[in-house]
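Take a look at the structure below.
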Amino acid sequence: MYNYLDFEKPVADLDGQILELKKLAQESGSVEMSDEIRRLEKRSSDALKEIYRKLTPWQKVQIARHPDRPHCLDYVNQLFTEFTPLAGDRNFAEDQAIQAGFARFNGQAVAILGQEKGNDTKTRLKHNFGSPRPEGYRKAIRIMELADRFKLPLITFVDTAGAYPGVSAEERGQAEAIARSLEMSLKLRVPVITVVIGEGGSGGAIAIAVANRVYMLEHAIYSVISPEGAASILWRDSTRAKDAATNMRITAQDLLELKIIDNIIPEPLGGAHRGKTAIIDAAGDVIATALKSLEGIDGETLKQERRQKYLAMGRSL
């Protein structure tokens, strides 16, 4: 059984009935229920297709935040070999919200950065729910510098509600750390590929997402502020997050139309959490294609193309 979202209740009810019938059939050894089970399975599949055919932006926000959605380390473990994590910013501390290191992708040496949310209470606390502190971004800068020095392509996975907003983070220079990460991203003379796998929230996301190629999963979101934050500012009412999500144009489809991203990676029916292996493989295929397309381009051209890509955003709006 999955963790069903509120709008998936019709599917949850049908799946519950299917589970009960299968349990009864197993206990009684009866095969007479097989036709009814198949009928309910078809109804459940049809209901899921209908729901996901007309998702609202707010529903996509809920899917992007689904607790069972694959996170950064799931992608790293499945797509890369010889992953060697690096820790610490050589200044203050280690920040587990940002995972960083070097690995091989299809045999090619690459650098990796990504925000990790964790998948249970213990790991979520360990990774601070994917919200990096200043030392996380300073660690990211260190990895970028190493990638540039050794001419390694950089692959980043974005999945954060935003940088940690606590007083301690502000005291240690949160804004300055994000700004320097952005600055370093624009200086890189190696290919940079970003995949938004869940939430792409505010400066906390774009700090590691200034890339030559930016992709989003079908039900991921990417925005300058969370819907709740926008609602609090615009209407002084965070309960209007649904309205904010609709007006902010934060879905992958909106952002492709606005030319903020380069392409969309389709998710399995029902979201990435219903087919983790499949969606990670699909992301790997897209990364491989992107690396191939950037192969042979000299460093100065990569840097200038990346710079122009971001300077051009918003000019045609």
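The values are calculated or read from the model by the stated rules, or taken from the named source; none is laboratory data. Note that this is a predicted model, so its numbers are computed, not measured. Please note: Cβ atoms are built from the backbone with ideal geometry, for glycine as well, and neighbour counts cover all protein chains shown. Accessible surface areas use protein heavy atoms only, side chains included; no ligands, DNA or RNA. Shrake-Rupley method; radii C 1.70, N 1.55, O 1.52, S 1.80 Å.
Before moving on, here are some points about what is shown:
- Accessible surface computed residue by residue for the stretch 262-317, with neighbouring protein chains in place and a 1.4 Å probe, gives 53 Å² per residue.
- Solvent-accessible surface of the stretch 113-244, taken per residue with a 1.4 Å probe and all protein chains present: 39 Å².
- Helices in the chain, meaning DSSP H runs of at least 4 residues, each add -39500 (n - 2.57). Divided by all residues, the mean residue ellipticity at 222 nm is -15000 deg cm²/dmol.
- Rounded accessible area of His273 (nearest 10 Å², 1.4 Å probe): 10 Å²
- Dimensionless Rg ratio for the stretch 131-216, taking C-alpha atoms and the 2.2 N^0.38 Å reference: 1.03
- Karplus-derived 3J(HN,Hα), 6.51/-1.76/1.60, for each residue of the stretch 253-269, Hz, glycine and proline x: 5, 5, 6, 5, 4, 7, 6, 7, 10, 9, 5, 10, 9, x, 9, x, 4
- Between the listed residues Ala207, Ser226, Leu269, the Cα displaced farthest toward the positive end of the dipole of the chain, a dipole computed from Cβ unit charges relative to the Cα centre, is found at Ala207.
- Relative contact order of the chain, defined on C-alpha pairs under 8 angstrom at six or more residues apart (%): 16 percent
- Once the chain from Arg149 to Glu300 is taken as fully extended at 0.36 nm per residue, the excess over their C-alpha distance is 53.0 nm.
- Pairs of Cα atoms farther than 14 Å apart, the stretch 261-301, %: 56 percent
- Solvent-accessible area assigned to carbon and sulfur over the chain amounts to 52 percent, based on a 1.4 Å probe.
- Within a straight-line Cα-Cα reach of under 25 Å, Lys23 can be paired with the following lysines, leaving aside sequence neighbours fewer than 8 residues apart in one chain: Lys9, Lys42.
- Sequence-distant lysines (8 or more away, or on other chains) whose Cα lies within less than 17 Å of Lys259: Lys309
- Given +1 at the Cβ of Lys and Arg, -1 at the Cβ of Asp and Glu and no other charges, the dipole of the chain around its Cα centre is 760 debye to the nearest 20.
- Translational diffusion of the stretch 82-149, µm² s⁻¹ [Kirkwood Rh, Cα pairs; Stokes-Einstein; 25 °C; 0.890 mPa s]: 200 µm²/s
- Computed extension gain for Leu311 through Asp237, at 0.36 nm per residue and net of the alpha carbon distance, reaches 23.3 nm.
- Whole-Hz couplings from phi, Karplus 6.51/-1.76/1.60, listed for the stretch 223-229; x for Gly and Pro: 8, 6, 7, 5, x, 5, x
- Gain in span if fully extended, Glu183 to Leu256, counting 0.36 nm per residue against the direct Cα distance: 23.8 nm
- If R0 is taken as 25 Å, the Cβ-Cβ distance between Lys292 and Gln78 corresponds to a FRET efficiency of 0.80.
- Highest-first packing order for the peptide set 157-165, 33-41 is 157-165, 33-41, based on the mean count of other beta carbon atoms within 10 Å.
- Each residue of the stretch 136-149 is assigned a 3J(HN,Hα), and the resulting list reads x, 6, 6, 5, 4, 4, 4, 5, 4, 4, 5, 4, 5, 5 Hz, derived from the Karplus form 6.51 cos²θ - 1.76 cosθ + 1.60 (θ = phi - 60°), x at Gly and Pro.
- Averaging the sequence gap over all C-alpha pairs within less than 8 Å and six or more residues apart, then dividing by the number of residues, gives the stretch 51-128 a relative contact order of 25 percent.
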